[in-house]
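Structure first, then comments.
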Amino acid sequence: MAPAEETAPDPDHPDADHRDTDHRDPAACTVLVTGATGFVGRRLVPALLEDGRRVRAMTRRPEAYDGPGEPVGGDVSDPDSLVAPLDGVDVAIYLVHSLDSPDFERRDAEAARAFGAAAAHAGVRQIVYLGGLGSEDEDLSPHLRSRREVEGLLGESGVPVTVLRAAIVVGQGGISWELTRQLVKNLPAMVVPKWVSTRTQPIALDDVTRYLAGVVDDERAFGRVFEIGGPDQLTYLEMLQQASLVSVGKRVPIVQVPVLTPRLSSYWLALVTDVDVTTGRNLIDSMGTEVVVTDTSIREIVPGDPVPYEEAVRRALEERGRDW
C-alpha cells in the first residue's frame, strides 16, 4: 500500500500521460507469498527481498518457518485463516496446488475461489499465479484443466490476476524434475511409454523466479497471461537423454514401447522413484499434451535470455550435490 506521505498523481500535470505507474517504489509494496516453504516459494521469497519488497511468507506452520521474510499463518483451504495474512498486502503470489490428492480439482477450485475473495476483501491490487502451459484447443488433462480453472477463479472477485504459464520447472526439489533425475540415477536402462515423444519446453527454476518477481506490482502485467519457458523445445525422451549425459556422462539406453497405460506408468514410477502413485498418475496424464511457448511477450515486461536446459540441469544437480 502507498505510504501515507505519498501524494496522489495530478491528472492535470503536463507530464501525467507519460508517468510510469508500473515503477512504484519497491519498498512501498507488501507481497504475500503463499506456499513459501515449497519448491518455488522458498526461492522466490529471498528474490523479492533482494528487490526491496516487504515480504510475508505464508505457511500453515509459521512457528516452524526459518526462512527469510515475515512468517504468517494461513491455509488456503480455510478462508477465515486468510484474513490476517492478507491484511495490508498489495500483491499476493499464489503457488498452491493439491496434486497429491485424488480430488485435487475440487480442492484447488475451492481454495482459489476463497483466496480470490479474501484478496478482494483485503484490497489486494494484483494476484500472481504460476499456471501450466497448454493450448486452449487441446483436450487438456485434469491437471492442466485444473490449473486453467484456477486462473479464472482467482480473479472471480475482481482482483487483476497475472498468470505465468510454464511447463516442467527444472530445479532441486521440483516433482517433475525429480522424476527425471531419479529415473536417470536409478535405472541402467529404461522402457518408456509413447508419451516420451511429446514436446515440452522446460524452464530453469532461476528463470521462473525471475519472471515471477519481475511482474510484481507492474501494471503492464495486470490481467494478462504470459507463457514462460527456456530456449529449448524438447521431447521427454530428449530431456531424459540430455539429463543423463550431464549427470553421468553418458546416455541411458531407452526403449519406447507402444502400450503402457497411465495407470501402469504411475505404478512403474512409484516403484523406481519416491514419487507417490497419485502424483505420478496426475503428472503422466498431462504428458500427452504438447506444452510449448507460442507467445514471448513476457520479455517486454521482464527482459533477458532464459537458461538452456543443460545449464538448468547442471544447476539443479549442483544444488543437490554431485553425490546424488
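The values are calculated or read from the model by the stated rules, or taken from the named source; none is laboratory data. Since the model is a prediction, treat every value here as computed from it, not as a measurement. Cβ atoms come from the backbone with ideal geometry, glycine included; neighbour counts cover every protein chain shown.
Quick look at the numbers
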read-out: Those residues of segment 300-309 which are within 17 Å of Ala221 (Cβ to Cβ) and either under 17 Å from the mean Cα position of the chain (by Cα) or of a type in the set (Phe, Trp, Tyr) (or both), in sequence order; value: Val302
read-out: In segment 250-271, residue modelled with the highest pLDDT [restricted to those that are farther than 25 Å from Pro306 by Cβ and in a loop (DSSP other than H, G, I, E, B)]; value: Lys250
read-out: Residue in segment 71-85 that is more than 19 Å from Val159 (Cα to Cα), buried (at least 16 other Cβ atoms within 10 Å of the Cβ) and among the acidic types (Asp, Glu) present; value: yes
read-out: Matching option when the condition is at pLDDT below 95, crowded, with 18+ Cβ neighbours inside 10 Å and on the phi < 0 side of the Ramachandran plot, among Thr37, Thr21; value: Thr37
read-out: Number of positions in segment 104-121 that are in contact with an Asp or Glu (Cβ under 7 Å, 6 or more places away or on another chain) and farther than 25 Å from Ile301 by Cβ; value: 2
read-out: Enumeration of residues in segment 132-154 that are within 22 Å of Val40 (Cα to Cα) and either free of Cβ contacts under 8 Å to residues at least 40 places away in the same chain or β-branched (Val, Ile, Thr) (or both); value: Arg148, Val150, Gly152
read-out: Residue selected from segment 50-94 under the condition at pLDDT below 95 and among the hydrophobic types (A, V, I, L, M, F, W, C), by the criterion nearest to Pro142 (Cα to Cα); value: Val76
read-out: Glu156 among the acidic types (Asp, Glu), under 25 Å from Asp80 (Cβ atoms) and in contact with an Asp or Glu (Cβ under 8 Å, 6 or more places away or on another chain); value: no
read-out: Qualifying residue in segment 104-124 (condition: more than 18 Å from Leu153 (Cβ to Cβ), part of a loop (DSSP other than H, G, I, E, B) and in contact with a Lys or Arg (Cβ under 8 Å, 6 or more places away or on another chain)); value: no
read-out: Members of segment 211-229 found to be assigned to a helix (DSSP H, G or I) and closer than 13 Å to Ile93 by Cα, listed by number; value: Tyr211, Leu212, Ala213, Gly214, Val215
read-out: Selection from segment 145-179 of residues that are among the β-branched types (Val, Ile, Thr) and either in a strand (DSSP E or B) or touching a strand residue (DSSP E or B) at 6+ places or on another chain (Cβ under 8 Å) (or both); value: Val150, Val159, Val161, Thr162, Val163, Ile168, Val169, Val170
read-out: Selected residue (criterion: modelled with the highest pLDDT) from residues of segment 272-319 that are in contact with a Gly (Cβ under 6 Å, 6 or more places away or on another chain) and hydroxyl-bearing (Ser, Thr, Tyr); value: Tyr309
